[in-house]
1. Kindly indicate which of B:Leu374, B:Leu318 is part of a loop (DSSP other than H, G, I, E, B), over 14 Å from the mean Cα position of the chain (by Cα) and at pLDDT 95 or above.
2. Which condition number does A:Tyr68 fail, the rest of (1) at pLDDT 95 or above; (2) under 13 Å from the mean Cα position of the chain (by Cα); (3) away from every other protein chain (no Cβ under 14 Å) being met?
3. Just wondering, is there one or more residues in region B:142-155 that are over 21 Å from the mean Cα position of the chain (by Cα) and buried (at least 21 other Cβ atoms within 10 Å of the Cβ)?
4. Considering region A:16-53 alone, what residues qualify as being loosely packed, with under 15 Cβ neighbours inside 10 Å, within 14 Å of another protein chain (Cβ to nearest Cβ) and closer than 26 Å to A:Lys83 by Cβ?
5. Being touching a Cys at 6+ places or on another chain (Cβ under 6 Å) and within 11 Å of chain A (Cβ to nearest Cβ) is the filter here; which residues of region B:136-159 pass it?
6. Which one is farthest from the chain's Cα centre (by Cα) among residues in region B:177-199 that are surrounded by 23 or more Cβ atoms within 10 Å (Cβ to Cβ) and among the hydrophobic types (A, V, I, L, M, F, W, C)?
Amino acid sequence: MDRKEILIELKKVLAPYTESKEMLEGINEQTDLIKDLKINSANLVDIIIDAEAQYNIEIDFDAAEKMYNVGNCIDVIADKINKTA
Amino acid sequence: MGNRVVITGLGVVSPNGLNIPDFLHAIQNGISGIRFIPEYEELKFNCQVSGIPEFEWEQLRNYITETSLYGLKGKGIAYGIKAALDAWTDAGNEIVAQDTLWETGCVFGSSVADTDVIKNAITRVDAHESKKLGSRVVEQIMNSGVTAYISGRLGLGNKIINNSAACATGTQSILMGFEYIKFGMAKRMVVGSCEYVDKYVFGGFDSMRVLSRKFNHEPERASRPMSMSAGGFVPGSGAGALVLEDLDFALARGAKIYGELLGGSTNSGGQRNGGSMTAPGPEGVVKCIREAISNANINANDIDLVSGHLTATIADKLEIQNWVHALKRSGDDFPMVNSLKSMVGHSLSAAGSIETVAAVLQLKHNFVHANLNLEDPIPEILDIIGENNLPTIKVDKEINTVAKANFGFGDVNSCLIISKYKND
């Protein structure tokens with residue numbers, strides 16, 4: 001799964017947690033989950049739980065802390081997928 | 001004396017109506033919301049009927065944000081949000097305020113935080129999967145979940161309180177909101193209560209043998225307050241909500257006024273002299289009703305309608321005796337009495353607020369709703385208040401003042417006096 005494919009999947013994971021649907025459509029690696037997508041910081045744990053299920057990976061605390069923008073999310077997910085594979 | 005408090009908005013989620021127009025139609029026409037629940041038969045419950053609102057999650061879509069709705073699983077909270085926001089808009093307000101409304105607060109009660117949500121937490125934790133619980137569990141298993149959702153959505157900044165007093169919760173929440181306005185601590189309060197009786201709570205009552213069990217195949221006949229053939233109550237679920245306002249505040253914004261909350265009282269018999277964990281002591285009940293009347297600055301003779309607690313247990317007889325004693329009225333001189341529970345069952349914490357909404361509607365539209373299933377009134381009740389005061393069909397009648405009371409586990413009592421608003 002390359003970064004572009006992960007981003008497409010990630011959009012689906014993020015969708016239930018943002019009211020900014022237009023912004024979500026146009027996300028790129030610099031998009032900030034809290035500042036740009038206005039996601040409630042408490043929901044970041046839900047996104048991690050959903051991402052774990054979506055990609056069949058486990059995201060530990062240290063990795064989860066890095067996931068504040070789309071690029072970081074993709075970094076973490078790509079890293080975990082590769083380890084699983 | 002304090003400020004005058006008026007009722008400017010109503011909302012309801014009831015087994016026989018999910019909004020005020022439908023609920024009004026149901027209570028005017030004696031429509032029951034009690035249904036047979038096949039799952040309760042499988043669970044071997046003695047009582048297999050319940051009053052459950054025909055609620056679907058989709059109905060909340062225009063009430064809260066999509067992100068908030070996603071992950072909301074607590075039905076009691078959901079009922080509460082719908083009733084409270086309906087009352088808010090019924091009072092002529094917008095749902096979303098830009099800034100915090102410091103003059104407006106919320107007292108909204110409940111008995112049991114949603115056990116379906118708690119069960120999910122228990123199951124996950126026991127399966128060593130606490131990691132997967134996510135961020136939305138705590139806010140829904142806390143008792144104040146419902147007030148947190150309501151006040152957050154409306155931006156309320158005054159007192160935000162979740163009260164709990166078993167079956168007296170609903171009337172007590174209304175009384176608390178009333179007192180904050182009366183004594184100048186708030187200008188406006190969203191008040192009410194909610195309850196979702198799931199199978200676990202239902203099972204607890206079923207095991208106490210206090211539920212109706214002889215009418216499982218005739219659900220609409222199962223809830224029979226004051227009837228000889230009553231064999232216990234029928235649990236129900238739902239929510240009721242009112243917007244209370246300082247009279248001047250309401251007049252200044254040109255609000256429509258349903259009625260005036262003149263006063264009330266809440267107390268306890270102390271679980272002494274006939275009072276216990278499960279039964280209300282007569283002394284406390286009589287004192288509560290009399291204090292409500294005195295606090296409202298009316299005479300017992302002014303009361304046109306008693307909206308009773310009257311659950312369809314052996315306590316009904318005692319309750320009528322207490323009313324007779326408290327009001328010092330009997331026979332044909334006694335006011336009309338009805339029990340909404342004959343149509344919707346007993347929704348525990350939600351009962352008081354749903355029944356108060358019904359009381360306000362009867363006051364506004366000048367009618368007394370029927371007592372369903374009262375073909376065979378208890379003779380001792382007939383002896384003291386007469387048959388004419390127990391309507392079995394709707395009675396059209398000028399209603400100026402209603403007394404609404406509820407009595408709950410822990411020997412807690414709560415009584416409200418509501419009247420038509422008169423500009424004098």
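The values are calculated or read from the model by the stated rules, or taken from the named source; none is laboratory data. Being a predicted model, the structure only gives us computed values, none of them experimental. Here the Cβ is made from the backbone with ideal geometry for all residues, glycine too, and neighbour counts use every protein chain on show.
1. Selected residue: B:Leu374, the only one of B:Leu374, B:Leu318 that is part of a loop (DSSP other than H, G, I, E, B), over 14 Å from the mean Cα position of the chain (by Cα) and at pLDDT 95 or above.
2. With (1) at pLDDT 95 or above; (2) under 13 Å from the mean Cα position of the chain (by Cα); (3) away from every other protein chain (no Cβ under 14 Å) applied to A:Tyr68, the lone miss is (1).
3. Of the residues in region B:142-155, the ones over 21 Å from the mean Cα position of the chain (by Cα) are B:152-155.
Filter once more, so that each one left must be buried (at least 21 other Cβ atoms within 10 Å of the Cβ): B:154.
Yes, because at least one residue in region B:142-155 is over 21 Å from the mean Cα position of the chain (by Cα) and buried (at least 21 other Cβ atoms within 10 Å of the Cβ).
4. Correct list: A:Ala53 only.
5. Once the filter is applied, which keeps residues that are touching a Cys at 6+ places or on another chain (Cβ under 6 Å) and within 11 Å of chain A (Cβ to nearest Cβ), region B:136-159 yields nothing.
6. Here the residue is B:Ala186.
Table: residues versus (1) at pLDDT below 95; (2) more than 25 Å from B:Gly152 (Cα to Cα); (3) not in a loop (DSSP other than H, G, I, E, B).
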{"residue": "B:Met185", "(1), (2), (3)": "no, no, no"}
{"residue": "B:Met189", "(1), (2), (3)": "no, no, yes"}
{"residue": "B:Gly203", "(1), (2), (3)": "no, yes, yes"}
{"residue": "B:Arg213", "(1), (2), (3)": "no, yes, no"}
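Okay, residues lined up against (1) more than 22 Å from the chain's Cα centre (by Cα); (2) within 14 Å of chain A (Cβ to nearest Cβ); (3) part of a loop (DSSP other than H, G, I, E, B):
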site: B:Lys82; (1), (2), (3): no, no, no
site: B:Ala87; (1), (2), (3): no, no, no
site: B:Glu94; (1), (2), (3): yes, no, yes
site: B:Ile122; (1), (2), (3): yes, no, no
site: B:Val125; (1), (2), (3): yes, no, no
site: B:Gly134; (1), (2), (3): yes, yes, yes
